[in-house]
Amino acid sequence: MRWIGLVAAMALSPAAALAQPVFFDDFDGPDLLPHWQTPNPSHWEYSVSDSQLHVTGLFYPGIPHLGGNFAAIGALFEPQTDLRVEAWMGWEPGDAAHMIALQVRGFPTGTGHLADFRYELAEGPGATPMLWALSGGVEAVAKPAPPPGIHHFSITRTGAQYDFHLNGELFATLADPIGIPATGVVFDFLGPSEAPLGPFHIDRVRVVPAPGSLGVCAVAAVGCSRRRGRPGASQGDEQ
């Protein structure tokens, strides 16, 4: 009973409230919600269906010699220090240069570039699709990208450190050289100016103001109470 009471107290504590998202969107509707800041409608083409955002065309600036067109969407949230930003996003096969990036922006207007987790196929013959983790534009880690499809990207800041995870596996750890509150999330899209765009997809976006280990502690506490309280449990059972 003592452990059950502890878990209940944890669930009601201020720390538990920190696990609630400060921003969430699963694109469950016919169009983008008003919290998104979007480009001029003539600059891109998109749809919202099957609980996903689909970016199917990029038309700005439409100058062939620049080699690419681009667009971005973003949303603001209350300033956060330690936080986790995660998104399920993906791409389809394509030979021309293209990129989709999850970015964390900073105080005061959401424009400071804090961290970036991106998929990119660079321009040039034989280029390899890559994933990049970047922190403040200072540090970067690059590795070959997984196959096209939807993948789970997350950026967690704890103290002065960023941890980047892909599909639940640690991808990179980088220092935070800026150290200002995060206030926004941005998605950058880049595509070819003279070739069809392999569509990009975003399935869900969530911002949580803390790493969220509280739930793990609560589950562990419940498991411990069950093992200790079970009549006749042997030492082998407890292990």
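The values are calculated or read from the model by the stated rules, or taken from the named source; none is laboratory data. Computed from a prediction, not measured in an experiment: that's the story for all the values here. Cβ: placed from backbone, ideal geometry, glycine included. Neighbour counts: every protein chain shown.
Numerical summary
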item: Scan of segment 48-83 for residues that are part of a strand (DSSP E or B), surrounded by 15 or more Cβ atoms within 10 Å (Cβ to Cβ) and without any contact (Cβ under 8 Å) to a residue 24 or more places away in the chain, ordered by number; result: Val48
item: Qualifying strands (runs of 3 or more DSSP E) (wholly inside segment 121-205; at least 1 residues being under 26 Å from His35 (Cα atoms)); result: 130-135, 149-158, 161-166, 182-191
item: Condition broken by Leu121, with the remaining ones in (1) in contact (Cβ under 8 Å) with a residue 40 or more places away in the chain; (2) in contact with a His (Cβ under 9 Å, 6 or more places away or on another chain) satisfied; result: (1)
item: Residue check for Asp95: touching a residue at least 40 places away in the same chain (Cβ under 8 Å), charged (D, E, K, R) and loosely packed, with under 13 Cβ neighbours inside 10 Å; result: yes
item: Of all residues making up segment 185-229, the number that are closer than 30 Å to Gly67 by Cβ, of a type outside the set (A, V, I, L, M, F, W, C) and modelled with pLDDT under 85; result: 1
